[in-house]
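> Encoded as structure tokens, here's the structure I'll be asking about.
The values are calculated or read from the model by the stated rules, or taken from the named source; none is laboratory data. The shown structure was predicted, so the numbers you read here are calculated from the model rather than taken from an experiment. Positions of Cβ are backbone-derived with ideal geometry, glycine not excepted, and every protein chain shown enters the neighbour counts.
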Amino acid sequence: MQTSSNPYQHFIVCMAIFMVLAPFHIAHGMQPGTQAKEAPGIYRFEAATAQINSNTAEVVSDSRLTSKKAVALKQGVAAAIKGNRTTPDLVYAVKLPRASRYRMFTFAVTDEKGAALLKNAKTKYESLFLRLQIGNNRATNRVVYVPWNVLRQETGKFDIAATDEIKIWLPEGVRLEYIEFSAYTPPAVPLGARNYHPKVLPPSGHPRLWVNRQSLPIIKKNLDAEEHRLAWEQVKKKALTPFEFRFDPEAELPFNTALEAAAETKAFYSLMTGDVKTGRAAVRLMTDYLSHVEFGNLLDVTREIGRAIYTASLVYDWCYDLLTPEERNILCRHLFRLADDMECGWPPFLQSIVNGHGNEAQLCRDLLSMSIAVYDEDPLPYRYCAYTVLEQLVPMRAFEYQSPRHNQGILYGDYRFRWDMHAAWLLYRMSGQRVFDANIQNVRRYWQYMRLPDGQLLRDGDGVAAGAPDRPYYWKGTFTALLNYAYAADPVLKDAFMREGGLPDNPVLFLLLNDPALKPENNLQSLPLTIDFGRVLGGMIARTGWNMGADSRDVIAEIKGGGYHFANHQHSDAGALQLYYRGLQLGDIGVYAFYGTPYDFNFNKRSVAHSMMLAVEPGEKFGATEANDGGTRFNQRFPKTPVEVQTDSLFRNGEVRSADFGPSKQTPAFSYFQADLTSAYSKKMERYTRAFCFLNMQRPDVPAVVILADDMTTAQAGTEKIWQVNTLHQPEVVHGNLVLQNWANGVVGKTLVTTLLPKAGERTLKVLSGENTHEVFDHTYQPPPTVLPEARAHRVMISPVNKNRRQRFLNVLQVMEGEARPLAVDYYETAASSVIVVGDRVVSVSNTPELIGKDFSIRIPPGSAYQVLLTGLAAGQWEVRDQKRNKTTRYTVTTGKNTLSFQSAGGAYSIRRRR
């Protein structure tokens, strides 16, 4: 099973299914009867006062509306949305202050028939459309009602005379209350962009999109490589096959992705071979298409508009010498017409390029490609696009990608990172310069390390790359993988790309980017078992192996925390833990359907859906949410510059204090991470640190052990502190210990959680299941319909009986094969640390929030040699003295690692910091 090449579209489908289950009269963010207040510059026209065709439409009463009146089709009258009736259902005589460009809006509700139609809708394409004609212009179909019940729709931008006629043909099931206009003002150009002179410029001559005169011979030569044979044959066949395209010049033309793909393929083939006939066919297709296509006002239609702009730009550039001056003018005129309808607007400054929809194809591929293609005719678009990329995106990514992961998570991160890579590739292939910092190459590691043996990914951000328990699933991100491995010349990622099926739907891009001289290597074992993500997006993933498949015995654990919060699809999950063994043992249980729903903001994106610490202070508010889950702060504003993110405390998400793994960096026996997460929470938190230690036990019965140490001090003693883990299957409580489980191929894997602190008798344990799983204390939320087990998960909460300002939690998680016997756990306190002995490992963790700077002693049980790990030590010179043998060994503890490890037999040892 493979995800859509656009994961966002997949979620739109889920969102539609979810939202139509609400009562049909409830609007997203708006109750029935509410409407925008009239304000200066807003001109509203009630439907009931328009000229109504009494044969087809009538005024109806509706108590949900402020005016109590609307216009709808008469019962039994069929809609004429496809132009099958020339007489409109209603006509507005519109009088406006002046002839100008206006934004138009509609406000409508559905009747029972409309609600029934939408109840079965699955995508945005099943919205309800009206037909609109302004004066004598060509009629157009526009969305008036969507499946998720938003009453007010922006119809589009139109040139309207001071006195004009607006004709409307209504759909069945809709009651139209009014239409509204406001004068359109183009986006303001930032001061820095007004006289901007890019340091990187398009070269003279064409081509310059994906290929220039210097690289063209190389790409042509590579077509003969065996690795390119199938893709090139596919391109040739498609390019030389005539594309039948007929249209009515007087009618609106809907977008046609098949036509766009055919034009792109023909243009590429012409560029590679010099075939004039095929190139001219591409030109004809695109000039006819762009002159008549209308995209309307579908949700997120900017993606479809952008694809048309991008394709037309490729044809313009690759077939430049085949274009007549008139054809260049046609393409340029309509490129800018379509650019004006993009979400980012034109000039392209309505949205930020660093996050949100502005950080997608709009600027990084579509408008950038357009600006490069038409640079000779009009250099201004390139100046604008280059400004956003070079002066805004590049510096921000240079800062962010110091941590080799994406803040928007596994799915949105994959989708948006591919557009970063488009900008990097387009400018590199145009100019020969790599304008992005070299650290952009390392982000590919994020998806490699998030990969689980069953083909899924660890959870992060909105969306779950997973299937049902009885439905095998393998997530494939081959589009982004191609951009990544080719840019970084990574043979291991190239091998994954090839084994996962390549990019059969886009052979042109494959032929442009793939280097056949780079030989794929099936060698995941060349990657270290542990990755430290650094300090911008703090976290660590540790694993016991790189064995893929349902029979894998590998354990994978992830800890998050520290760095910065970038909002949007990033969750409030600082300190979250995930653990995999034959399936997810514990982790995140949120399900994403649609952005901003009560479930999304109060559960899915919140800390409560993650395995992390909660601190419930009565009355605490989290922005627009209604529930108080006790988690970290909830921020939905993203930073736009490195200076802003580092200086505004809103974005602080804790601080990584220590990260180390070893002794072998390739196959470490231990992986240690500690973060001070105080700033991730509100002022309720005085101090909170979480330490994570992953032990690769190198044994089949208990392959891994995780030690988790939490030290939390809140401003108020009454703040309830909760150590929480979430799991997909019913947990058990055995002799006071928690047992989690999952399975693959019928083989069970378990996790035994031994709670050392709070001690037995000083803690309570609660398991929430069923509907209670989604209970956020005083509020309960319904997850969207889904086959995912996350919607039927369980939450385990451990709390101290006594409420003190400071509370320590110390837990040992043993990952066990089936019915294997757990290892004995010994635990004691020293003057500076807590010491855990499990198997042949001895681990010391600080028993305060501070790094250890004083002397202490440990005892190691008698017997065979133990691997000893001392964590949380202050940087400097340390001595370990074997008291029995009177032998002293000196060690250097490094800042930011704060660990010391050695092997030793049993005995007493003095740990002393040299001064």
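Residues are listed down the side, and each one gets a yes or a no for (1) closer than 28 Å to Val825 by Cα; (2) out of contact with any Ser or Thr (no Cβ under 6 Å at 6 or more places or on another chain); (3) assigned by TED's automatic domain parsing to the domain that holds Val645:
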residue	(1), (2), (3)
Gly662	yes, yes, yes
Phe670	yes, yes, yes
Ser682	no, yes, yes
Cys693	yes, yes, yes
Asp701	yes, yes, yes
Ala704	yes, no, yes
Gly718	no, yes, yes
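> Name the single residue, out of those in the stretch 196-239 being hydrophobic (A, V, I, L, M, F, W, C) and closer than 21 Å to Leu323 by Cβ, that is surrounded by the fewest Cβ atoms within 10 Å (Cβ to Cβ).
Leu216
> Is it the case that Leu368 is crowded, with 24+ Cβ neighbours inside 10 Å, closer than 23 Å to Pro198 by Cα, free of Cβ contacts under 8 Å to residues at least 60 places away in the same chain and of a type in the set (A, V, I, L, M)?
yes
> Output the qualifying pairs, or none if there are none: Cβ atoms under 8 angstrom, residues six or more apart or on different chains, first residue in the stretch 657-682 and closer than 24 Å to Thr848 by Cβ, second residue among the polar types (S, T, N, Q) and surrounded by fewer than 21 Cβ atoms within 10 Å (Cβ to Cβ).
Asp660/Thr894; Phe670/Gln867; Phe670/Ser901; Ser679/Ser649
> Here is a list: Thr647, Thr641, Thr678. Which entry is in contact with a helix residue (DSSP H, G or I) (Cβ under 9 Å, 6 or more places away or on another chain) and β-branched (Val, Ile, Thr)?
Residue meeting the stated conditions: Thr641.
> Taking the criterion of being free of Cβ contacts under 8 Å to residues at least 40 places away in the same chain, touching a Gly at 6+ places or on another chain (Cβ under 9 Å) and of a type outside the set (Val, Ile, Thr), would at least one residue in the stretch 158-166 satisfy it?
no
> If you check Leu870 against the conditions, is it in the same structural domain as Arg690 (by TED's automatic domain parsing) and surrounded by 20 or more Cβ atoms within 10 Å (Cβ to Cβ)? Before you say what the answer is, go through the steps one by one.
Values: in the same structural domain as Arg690 (by TED's automatic domain parsing): no; surrounded by 20 or more Cβ atoms within 10 Å (Cβ to Cβ): yes.
For Leu870, the condition - in the same structural domain as Arg690 (by TED's automatic domain parsing) and surrounded by 20 or more Cβ atoms within 10 Å (Cβ to Cβ) - is not met.
> Mind telling me which of the residues Val591, Val608 ends up being assigned by TED's automatic domain parsing to the domain that holds Thr786, out of contact with any Lys or Arg (no Cβ under 6 Å at 6 or more places or on another chain) and assigned to a helix (DSSP H, G or I)?
Val608
> May I pose another question? State all residues of the stretch 798-846 that are exposed (fewer than 15 other Cβ atoms within 10 Å of the Cβ) and of a type in the set (Asp, Glu); if no residue qualifies, say none.
The answer is Glu819, Asp826, Glu829.
> How about the stretch 235-254: which of its residues are under 35 Å from the mean Cα position of the chain (by Cα) and either acidic (Asp, Glu) or at positive phi (or both)?
Glu252
> Here is a further query. Residues being closer than 25 Å to Phe673 by Cβ and either among the hydrophobic types (A, V, I, L, M, F, W, C) or surrounded by 15 or more Cβ atoms within 10 Å (Cβ to Cβ) (or both): count how many of those fall in the stretch 877-889.
So the answer is 2.
> I'd like to check something: does the stretch 728-741 contain any residue that is in contact with a helix residue (DSSP H, G or I) (Cβ under 9 Å, 6 or more places away or on another chain) and among the aliphatic types (A, V, I, L, M)?
yes
> Output yes when any residue across the stretch 372-384 is buried (at least 21 other Cβ atoms within 10 Å of the Cβ) and either touching a strand residue (DSSP E or B) at 6+ places or on another chain (Cβ under 7 Å) or among the polar types (S, T, N, Q) (or both), and no when none is.
no
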